[in-house]
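Step one of this worksheet: look at the structure below.
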Amino acid sequence: MKIISANWVITCDENNRIIKNGAVVFDDKIIEVDSLLEIEKKYPNIEINKLDKNSVLMPGLINSHVHLEFSSNTTTLKYGNFYSWLNSVIKHREELINKATKELISTKLSRMKKTGTTTIGAISSYSFDIEPCVKSPINTVFFCEVIGSKADMIDTLFADFKNRLNNAKKYASKSFIPAIAIHSPYSVHPFLLRESLNLARNENLAVSAHFLESKEEFDWLHKDEGSFLEFFKNFLNQEKAVSKPMEFLNQFTNIKNLSFTHCVEASERDLEKIKNLGANINHCVTSNRLLNNSKLDLSKLKDIPFTIGTDGLSSNNSLSMFDELRNALMAHYDKNINDFSRMLLKAATINGSRALGLNKGVIENEFDADMISFTLPDEVEDIEDLPMYVILHTKFVDNTIIGGEYV
Ligand code: MCF
Ligand code: FE
C-alpha cells in the first residue's frame with residue numbers, strides 16, 4: 001500500500017471534486033481519497049510521498065486515438081485540404097513507415113509518458129508498433145486496422161487482418177488489450193465490415209472507426225462525387241462509394257466499447273444514430289484543423305460523450321495531450337473558459353477510459369491507480385480556475401503512476 005499527497009487533487013469524478021491538500025491511498029487500485037489530515041490520522045504508520053508546493057495530482061491522461069506508425073512525419077505531408085493530405089500519404093507512406101523504427105516509436109512513447117499520457121488507443125495499420133507498445137509501461141488498447149474497399153481483395157485483406165489480430169492477442173495482458181479499428185466508411189467494404197464487427201461482438205473487443213472527417217468524404221459517400229471520385233477511379237477503378245454513412249453506422253449494433261473519430265461532417269441524424277449506438281466521439285481538434293480547416297461542433301453532440309485524441313504525427317505536430325488540450329481550449333473559444341477546461345480534463349480521462357472499456361480515468365475507490373503529478377508555476381487562489389491553469393501551464397509531469405507503480 002502507498003500514499004501520495006498533493007496541494008490539489010483533481011479527481012475528475014461525477015461531482016468534479018477537487019481536494020485542497022488531498023491524499024490518495026492506493027495499491028494497483030485506488031483505495032481511499034481524502035484530505036491529507038484525515039489520511040494521516042487513519043494511516044499513521046505508512047510513509048506518505050508528500051509532493052511540493054503548488055503540486056497537482058490527477059488521473060493519467062488517455063489519448064484515445066493515435067497512429068504511432070506515422071511517427072516519423074514532420075515536414076513531409078501536405079496540410080490544409082484532405083485530398084492533398086491523402087495524396088501526400090499515398091506518395092510518402094512507405095518512406096514514412098520505414099523511418100518510424102521501433103526505436104523512434106519507443107522514444108515517442110517515452111515522451112508521451114513525460115507529457116502525462118498513461119493510456120493510449122493505438123490505431124495500428126501494420127503492427128510495426130506492437131513491440132514498442134508492449135514494452136512501454138503506458139497501457140495500450142491496440143486497434144488492429146481493417147482496410148480495403150475492393151471486392152476481389154477482401155479475402156486476402158481479411159486474412160491479413162486476422163493474422164495481425166491473432167498475433168496481437170498473444171501479447172494480451174492487463175496493459176495491452178487487442179481491439180479492432182475500422183478505417184472508414186469509404187475504405188472498408190461492407191463484407192469486410194460485417195465480418196470484422198462479428199468478430200468484435202463474439203470476442204467482446206473494442207471498436208474504433210474514422211467517420212466523416214472531411215467535406216471530400218461527405219461528397220463521395222452521399223453523392224459519389226468530388227475529389228474522392230478522381231482518387232477512387234485512378235487508384236481503385238471504383239466509381240461509387242461502398243456504403244452510405246447511415247448504412248455504415250447501422251452495422252455497429254451491439255458493440256460494447258465503440259468510438260467514432262472526427263465526425264466533423266456528421267449530420268444530426270448520424271449523431272442521433274451514434275448516440276443510440278451508445279458510442280463515443282474521439283475529438284482530434286489539431287488534426288481537423290490541419291487536414292480540413294474544420295472543427296467539430298461540440299454543441300451538436302448533446303449527450304454523446306467525447307474523448308481527446310492527438311491522432312498521429314501524420315496530422316499533428318505533437319503527441320502531448322497537454323498540447324492537444326491547449327489547442328482544444330483555444331479552438332473552442334465560444335465556450336466558458338472554466339467550465340470548458342473542466343470538461344476537457346474529463347474528456348481526456350474518464351471519457352477516454354469509458355470509450356476504451358477500461359476502469360480508469362478517475363481518482364475514486366476501486367479505479368485503477370493511474371495518476372500523474374506536476375507542479376504549477378505559482379499559487380492558485382480560486383479553485384474554480386485550477387483546471388484552466390493546469391491546461392495552460394503544464395508541459396511535463398513530475399511523477400507517473402500506472403497500475404500503482406511509479407514508472
Ligand atoms: O486520422 C488520420 C486522418 N484520417 C485517416 N487516416 C489516418 C490518419 N493518420 C494516419 N492514417 C492512416 C490510416 O490508419 O492512413 C492510412 C490508414 O492506414 C491510409 S488511408 C488515409
Ligand atoms: Fe486517425
Reachable aspartates and glutamates, given that their alpha-carbon falls under 12 Å from the alpha-carbon of Lys256 and they are not under 8 places away in the same chain: Glu203
R0 = 25 Å: FRET efficiency of Tyr43 with Asn399, Cβ-based, nearest 0.05? 0.80
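Can you bin the stretch 61-356 into rounded, prolate or oblate? Criterion: square roots of the alpha carbon gyration tensor eigenvalues sorted a ≥ b ≥ c, rounded for a/c under 1.5, prolate for a/b above b/c, oblate for the rest.
Working: a/c = 1.24, a/b = 1.09, b/c = 1.14.
Verdict is rounded for the stretch 61-356.
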0 to 90° range, to nearest 10: angle between helix 321-331 axis and the chain longest Cα axis: 70
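Which entries of Lys78/Lys114; Lys170/Lys244; Lys102/Lys295; Lys169/Lys335 have Cα-Cα distances beyond 31 Å here?
On the way: Lys78/Lys114 29 Å; Lys170/Lys244 36 Å; Lys102/Lys295 33 Å; Lys169/Lys335 42 Å.
Distance filter (> 31 Å) returns Lys170/Lys244; Lys102/Lys295; Lys169/Lys335.
Could you list the GluC sites (Glu not before Pro) in the stretch 39-115 that lie in coil according to DSSP, counting only those with at most 14 other Cβ atoms within 10 Å of their Cβ? Can you show the working numbers first?
Working: sites: Glu40, Glu47, Glu69, Glu94, Glu95, Glu103; in loops: Glu47.
Those that pass, being in a loop and sparsely packed, are Glu47.
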Counting only residues 5 or more apart in sequence or on a different chain, those whose built amide H sits under 5 Å from that of His189 are Gly148, Ser149
Looking only at lysines whose Cα falls under 16 Å of Lys99's and that sit 8 or more positions away or on another chain, we get Lys91, Lys108
Below 12 Å, Cα to Cα, which aspartates and glutamates can Lys50 reach? Residues fewer than 8 away in the same chain don't count. Glu40
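Could you rank the peptides 305-318, 375-388 by their average count of other C-beta atoms within 10 Å per residue, with the highest value first? The partial results should precede the final answer.
Numbers: 305-318: 23.6, 375-388: 14.6.
Output ranking for 305-318, 375-388: 305-318, 375-388.
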Return the whole-Å distance between the Cα centroid of the stretch 9-42 and the Cα centroid of the stretch 270-334. 30
For the stretch 61-356, give the magnitude of the charge dipole about the Cα centre (Cβ charges: +1 Lys/Arg, -1 Asp/Glu; no others), in debye to the nearest 20. 960
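State whether the stretch 214-338 is rounded, prolate or oblate according to the following rule on the C-alpha gyration tensor (a ≥ b ≥ c being the square roots of its eigenvalues): a/c under 1.5 gives rounded; otherwise a/b larger than b/c gives prolate, and the remaining case gives oblate.
oblate
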³J(HN,Hα) across the stretch 170-177 via Karplus (A = 6.51, B = -1.76, C = 1.60, θ = phi - 60°), whole Hz, x for Gly/Pro? 4, 9, 4, 7, 4, 10, 9, 10
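Coordinate-derived values only; no laboratory data. All values reported here derive from a predicted model rather than from experimental measurement. As a convention, Cβ positions derive from the backbone with ideal geometry for all residues, glycine included, and neighbour counts pool all protein chains shown.
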